[in-house]
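Here the structure comes first, spelled out in structure tokens, and everything after it is commentary.
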Amino acid sequence: MRLKSFYAKSMTEAMQMVRESLGEDAIIIATREENGGKSVRVTAAIENDLPAASARARAIAFELSKGGNFEDDDNWLQYDEEQEQDSSLTEAIIDVMLSHSVPEDVLDQIVNCAEVMNLDEPSIAFVGALDSLFDFTPLPMSAYKKAMMFVGPPGAGKTLAIAKQAARAVLEDLDVAVITTDTIRAGGIEQLQAFTKLLDIDLQTARNPADLKQKLLALKGKDQILIDTSGINPFSTQDMTSLARLIAAGDIEPILIVAAAGDANETGEMARIFSALGVRRMVATRLDMARRLGGLLAAAQQGGLAFADASTTPSVADGLEPLSPRKFGSFFFPNGQADRTDSRNLHHQSPSRHKTTG
Ligand SMILES: Nc1nc2c(ncn2[C@@H]2O[C@H](COP(=O)(O)OP(=O)(O)OP(=O)(O)O)[C@@H](O)[C@H]2O)c(=O)[nH]1
Ligand SMILES: [Mg+2]
């Protein structure tokens, strides 16, 4: 009996993956919700999962029993080639993920998912797996009813990301307001003011939750309201309580700002803690300064967070780039075919949208 686990966003998708990979005879051993119910894991077993060698041995025996010549059997040769191709695809994906220090459990999920795609190009299978396993929800580029509060640890890039989003929104002719709650740290207001002045936006300050509530009421009707915050230590109860109070001051979506180069386990744990405050998506920063992006995948998995946008330069003018499975995948496979493939093809090949053949 061979056991294999499958990860997907829904039970239907996971069952489809089981059928596609192991066939209709697979027996479901266990199902479990992961990431606080945002994904599921299904462990399935197959009794008669013949490895290539033993299946081939049976075919040879059958051909010999008929007096035939097994070596002429093109189908079996083709079958072996497919097996080889599969393992080289898996190895290529594993190699890239190891070089990015992707934690083992995330690596497992991605490999399992990529293997059932029936694709022979690693970068495309990788992008398909990202598409199937993670959410990608870029920041809005039109009027948005919630105020967006950028939160995260000190130095993550919150203030620069606020400036970049404000600049982008102004370019889209949106009526933007910026509030900072980072009023205690020396230079906190001035740093943002330097950007808002250039954009001709009036920078508001809010010193506490009550103040923030009032400012938000006064700014009602703005297309986008962006709120900068001071750096938070996710392991400090006091910091987290203060942040929770600020978030509760109005109709606010907290968005986590994550520096890309962080240790994968630390980043994953941090994302999980912030998700308890209602964070549902993240902006990844400093992608230009990171060579190991395992932390971002760990954050998405452990915090159940969607990928929003990425910051890849320290310059406000360069803005934020919306992340898609293909865009994010290109950081792992910079020269991969996925970069050159029409994204509509990827969608056809994703198991979540793949018609089951079983
Ligand atoms: N190269 C590069 N530098 C970045 C990027 N994002 C932020 N930075 C730099 O990182 C430093 C910290 O950025 P801030 O925006 O001040 O970070 P913060 O999260 O607001 O910091 P605190 O308010 O102190 O918690 C600055 O020097 C930024 O220019 C990026 O995508 N690439
Ligand atoms: Mg700041």
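Of the beta bridges DSSP finds with both residues in the range 147-323, what % are antiparallel, to the nearest 5?
Antiparallel: roughly 10 percent of the beta bridges in the range 147-323.
Can you list the residues, at least 5 places off or on another chain, whose amide H is less than 5 Å from the amide H of ILE29, using H built in the peptide plane?
Amide H to amide H, under 5 Å and 5 or more residues apart or across chains, ILE29 pairs with THR43, ALA44, ALA45.
If you count, for each residue, the other Cβ atoms within 10 Å and average over each peptide, how do 140-147, 191-198, 126-133, 10-17 line up from highest to lowest? Don't skip to the answer; put the middle values down first.
Working: 140-147: 14.8, 191-198: 17.1, 126-133: 27.8, 10-17: 18.9.
Listed from highest to lowest mean packing, they are 126-133, 10-17, 191-198, 140-147.
Work out, step by step, the length gained on full extension between SER87 and GLU24: first 0.36 nm times the residue separation, then minus their alpha carbon distance; give nm to one decimal.
20.4 nm
Using a 7 Å offset from the Cα along the Cα-to-Cβ direction at both ARG185 and ASN208, what is the distance between the two label points in nm, to one decimal?
Placing both labels 7 Å beyond Cα along the Cβ direction yields 2.2 nm.
Expressed in nm to one decimal, what extension gain is obtained for the pair LYS145 and ASP108 from 0.36 nm per residue of sequence separation less their Cα-Cα distance?
On the way: separation 37, 0.36 × 37 = 13.32 nm, distance 3.80 nm.
Answer, rounded to one decimal: 9.5 nm.
Which shape class, rounded, prolate or oblate, goes with the range 262-323 when its Cα gyration tensor gives a ≥ b ≥ c as root eigenvalues, a/c under 1.5 marks rounded, and past that a/b bigger than b/c marks prolate?
It comes out oblate by the Cα gyration axes.
Using θ = phi - 60° and the Karplus curve 6.51 cos²θ - 1.76 cosθ + 1.60, what whole-Hz ³J(HN,Hα) does each residue of the range 93-103 get, with Gly and Pro shown as x?
Per residue, the Karplus-derived 3J(HN,Hα) values read 5, 4, 4, 5, 5, 5, 5, 9, 6, 6, x Hz.
Take the range 147-323, compute every pairwise Cα distance, and split them into 10 Å bins from 0; I just need the percent in each bin.
Reading the bins upward from 0: 10, 41, 37, 11, 0.
Please list, ordered by chain and number, the residues whose modelled amide H lies under 5 Å from the amide H of LEU293; skip anything fewer than 5 residues away on the same chain.
Here nothing satisfies the definition.
How far apart, in nm, are the 7 Å Cα→Cβ label points at ALA276 and ALA194?
3.6 nm
Taking just the C-alpha trace of the range 199-290, give me its Rg and Dmax in Å.
When restricted to the Cα atoms of the range 199-290, Rg and Dmax are 14.7, 41 Å.
Would you mind checking which residues have amide H under 5 Å from ARG281's amide H? H placed 1.01 Å from N; only 5 or more apart, or other chain.
LEU256, ALA306
Write down the accessible area per residue of the range 199-275 in Å², having rolled a 1.4 Å probe over the full set of protein chains.
47 Å²
Report ³J(HN,Hα) in whole Hz for each residue of the range 121-138, in order, from the Karplus equation J = 6.51 cos²θ - 1.76 cosθ + 1.60 where θ = phi - 60°; Gly and Pro get x.
10, x, 5, 6, 5, 4, 5, x, 5, 4, 4, 7, 9, 10, 9, 10, 10, x
If you take every residue apart from GLN302 with its C-beta less than 12 Å away from the C-beta of GLN302, what net charge results, scoring Lys and Arg +1 and Asp and Glu -1?
Here the charged neighbours net out to -2.
Assuming a ≥ b ≥ c are the square roots of the Cα gyration tensor eigenvalues, decide whether the range 213-264 counts as rounded (a/c under 1.5), prolate (otherwise, with a/b larger than b/c) or oblate.
Since a/c reaches 1.5 but b/c is at least a/b, the shape of the range 213-264 is classed as oblate.
Residue-wise, which Karplus ³J(HN,Hα) couplings in Hz belong to the range 173-178, taking 6.51 cos²θ - 1.76 cosθ + 1.60, θ = phi - 60°, and x for glycine or proline?
Karplus values, whole Hz, x for Gly and Pro: 6, 8, 8, 10, 10, 10.
Using a 1.4 Å probe on the protein heavy atoms, what percent of the accessible area of the range 147-323 belongs to carbon and sulfur?
Summing carbon and sulfur atoms, their accessible area is 51 percent of the total for the range 147-323.
So the label point goes 7 Å from the Cα of ALA218 along Cα→C-beta, right? Which residues of the range 162-203 then have their backbone N under 15 Å from it?
It comes to 177-181, 202-203, nothing else.
The values are calculated or read from the model by the stated rules, or taken from the named source; none is laboratory data. Small disclaimer: the values here were computed from a predicted structure and weren't measured. Virtual Cβ from ideal backbone geometry, glycine too; neighbours counted across all protein chains shown. Surface accessibility is based on the protein's heavy atoms, side chains included, excluding ligands, DNA and RNA. Shrake-Rupley method; radii C 1.70, N 1.55, O 1.52, S 1.80 Å.
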